[in-house]
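Undergrad: The following block contains the structure, expressed as structure tokens.
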Amino acid sequence: MWTLIFITCARIFAYNCCEIDKNFRGSSASARLYIGFTGTVCYFATIALFVWSFWKFDWWQPIVAFVGSIILGGFSGIFFQRNLIGIMLSPVLAIVFTVLGVVGLI
């Protein structure tokens, strides 16, 4: 079950990275590229991990985790998309939770 929580958190932070990339107002093109690339890669990775998790868990558990990630992604955006600490933490946490999700499914 922890694996689904890790995948859900990875999707939340990947979503935040993609939204930060869309609304980026900083002057550093490399920071925007890092945030956007990390968000996009982790976002597609979490979709693959959710599909993969159907073979490891009951059919309803990945669906509940996926819907939960959509709902929590909207709420977490209030904090993680509006301040510098959240902007810098989102790509790091997306990578960490994606790796933990992959390790949990292996």
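Undergrad: Please go through the range 66-106 and give me each residue that is buried (at least 17 other Cβ atoms within 10 Å of the Cβ), touching a Gly at 6+ places or on another chain (Cβ under 8 Å) and not hydroxyl-bearing (Ser, Thr, Tyr), ordered by number.
TA: PHE80, PRO91, ALA94
Undergrad: Out of all the residues in the range 54-65, is one or more under 18 Å from LEU4 (Cβ atoms) and of a type in the set (D, E, K, R)?
TA: Checking the range 54-65: at least one residue is under 18 Å from LEU4 (Cβ atoms) and of a type in the set (D, E, K, R).
Undergrad: Yes or no: PHE6 under 27 Å from VAL64 (Cα atoms) and either open to solvent by 40 Å² or more (accessible area, probe 1.4 Å) or modelled with pLDDT of 90 or more (or both)?
TA: Answer is yes for this residue.
Undergrad: Let me ask something additional. Tell me, yes or no, whether the range 49-62 has at least one residue that is free of Cβ contacts under 8 Å to residues at least 60 places away in the same chain and under 13 Å from the mean Cα position of the chain (by Cα).
TA: Yes; the residues of the range 49-62 include at least one that is free of Cβ contacts under 8 Å to residues at least 60 places away in the same chain and under 13 Å from the mean Cα position of the chain (by Cα).
Undergrad: When residues of the range 11-23 are filtered for being more than 11 Å from SER90 (Cβ to Cβ) and part of a helix (DSSP H, G or I), how many remain?
TA: Of the residues in the range 11-23, 2 are more than 11 Å from SER90 (Cβ to Cβ) and part of a helix (DSSP H, G or I).
Undergrad: Mind listing whichever residues of the range 17-58 are surrounded by fewer than 14 Cβ atoms within 10 Å (Cβ to Cβ) and at pLDDT below 85?
TA: LYS22, ASN23, ARG25, GLY26, SER27, SER28, ALA29
The values are calculated or read from the model by the stated rules, or taken from the named source; none is laboratory data. What you see is a predicted model, and the numbers here were worked out from it, not measured in a lab. As a convention, Cβ positions derive from the backbone with ideal geometry for all residues, glycine included, and neighbour counts pool all protein chains shown. Note: areas computed on protein heavy atoms with side chains; ligands, DNA, RNA excluded. Shrake-Rupley method; radii C 1.70, N 1.55, O 1.52, S 1.80 Å.
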